[in-house]
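Here is the structure we will look at, set down as structure tokens.
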């Protein structure tokens, strides 16, 4: 249930509305706008008569939410969310580009890539310090040393940092170095971990699971939101289907569908979705055309010798070309690249 207050409502009236909601067994999440406050009342109360809230002083409207995801829905928040990350806004009219290697491999590598993507127009440096790999014998990342290198490279070239967190034990450490915490597809339904992320202080990028429906994806976001962290971004990274010609099947249609259902920003990951270097740029173009709020791609200065995902990583000159093309597309639909 969503409670919308009247313009000019006093803080004392809001507190009274919250008190009554708590009295009836609801958990309350507050979202304060310029003129009105929205209260999300979470809880299943089959016999509750919403008119008891409608009659309270300061209440303008009470809406029932039929979707199982409450805080992530457009009913709870009608306008799209915009997150300000150190002056960089995600979710507004600008399309934000995140780029970098699959994994941090050395100081020379990450500084070279950071310089390349920064010059081409990226705003966020991506890279893995901890890598979830299918094989236990594959390169698992450099750990904290990788985080230090990525932070130093990003600071030198004016970039923000996004990197993956794999479990609860890594949250505090990664928050020291990263601006955004990335949650991989394999952890999308690790609900205990998602609850822990609800207490994190940094924004979250939640990747769609390998075979997750859009509703399951939004319900996973709901776990984080209900834990108190309101800065959640969704990431379409392709889903597993019967098709074998590409690494995954990129669900471009999920972008406008999610934007209709949810106020959360949505980022597209064409690198993991397609898994083939020369197909990444067309998928990036399509993602921007479909309305994505951002693109996250893998870029490597020597992808043929990369320790992970070299086959889907763009060369720096390819990334520069991608930036030129998505800039044209963004402008064609009334947006621009950040």
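The values are calculated or read from the model by the stated rules, or taken from the named source; none is laboratory data. Keep in mind that what you see is a predicted model, and the values were worked out from it rather than measured. When we count neighbours, we look across all protein chains shown, and the Cβ atoms used for this are built from the backbone with ideal geometry, even at glycine.
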Among (1) over 21 Å from residue 204 (Cβ atoms); (2) in the same structural domain as residue 326 (by TED's automatic domain parsing); (3) assigned to a loop (DSSP other than H, G, I, E, B), which single condition is residue 108 missing? (3)
How many residues, within region 80-92, are exposed (fewer than 13 other Cβ atoms within 10 Å of the Cβ) and part of a loop (DSSP other than H, G, I, E, B)? 2
For region 286-335, give me each residue that is crowded, with 21+ Cβ neighbours inside 10 Å, in a loop (DSSP other than H, G, I, E, B) and in contact with a helix residue (DSSP H, G or I) (Cβ under 6 Å, 6 or more places away or on another chain). 292, 313
Taking region 138-171, which residues are outside any loop (DSSP other than H, G, I, E, B), surrounded by fewer than 18 Cβ atoms within 10 Å (Cβ to Cβ) and within 19 Å of the chain's Cα centre (by Cα)? 168
Would region 44-58 turn up any residue that is in contact with a strand residue (DSSP E or B) (Cβ under 6 Å, 6 or more places away or on another chain), farther than 22 Å from residue 201 by Cα and touching a residue at least 60 places away in the same chain (Cβ under 8 Å)? no
Candidates 22, 29, filtered to the one that is out of contact with any helix residue (DSSP H, G or I) (no Cβ under 6 Å at 6 or more places or on another chain), over 30 Å from residue 158 (Cβ atoms) and assigned to a strand (DSSP E or B): 29
For region 61-70, indicate whether the set of residues that are on the phi > 0 side of the Ramachandran plot and surrounded by fewer than 19 Cβ atoms within 10 Å (Cβ to Cβ) is non-empty. no
Read through the list (1) without any contact (Cβ under 8 Å) to a residue 40 or more places away in the chain; (2) part of a helix (DSSP H, G or I); (3) closer than 21 Å to residue 125 by Cβ, then give the number of the only condition that residue 174 fails. (1)
For residue 174, state whether it is under 15 Å from the mean Cα position of the chain (by Cα) and at negative phi. no
Any chance region 218-228 includes a residue that's under 21 Å from residue 270 (Cα atoms), in the same structural domain as residue 252 (by TED's automatic domain parsing) and either surrounded by fewer than 15 Cβ atoms within 10 Å (Cβ to Cβ) or without any contact (Cβ under 8 Å) to a residue 60 or more places away in the chain (or both)? no
Which of the residues belonging to region 237-285 are part of a strand (DSSP E or B) and over 16 Å from the mean Cα position of the chain (by Cα)? 239, 249
Go through (1) touching a helix residue (DSSP H, G or I) at 6+ places or on another chain (Cβ under 7 Å); (2) assigned to a helix (DSSP H, G or I) one by one and return the number of the condition residue 221 breaks. (1)
Just checking, how many residues over region 61-79 are part of a strand (DSSP E or B) and out of contact with any helix residue (DSSP H, G or I) (no Cβ under 9 Å at 6 or more places or on another chain)? 1
Output yes when any residue across region 121-137 is in a helix (DSSP H, G or I) and more than 17 Å from residue 313 (Cβ to Cβ), and no when none is. no
Looking for whichever is at pLDDT 90 or above and over 28 Å from residue 292 (Cβ atoms) here; the options are 79, 107, 115. Which one fits? 107
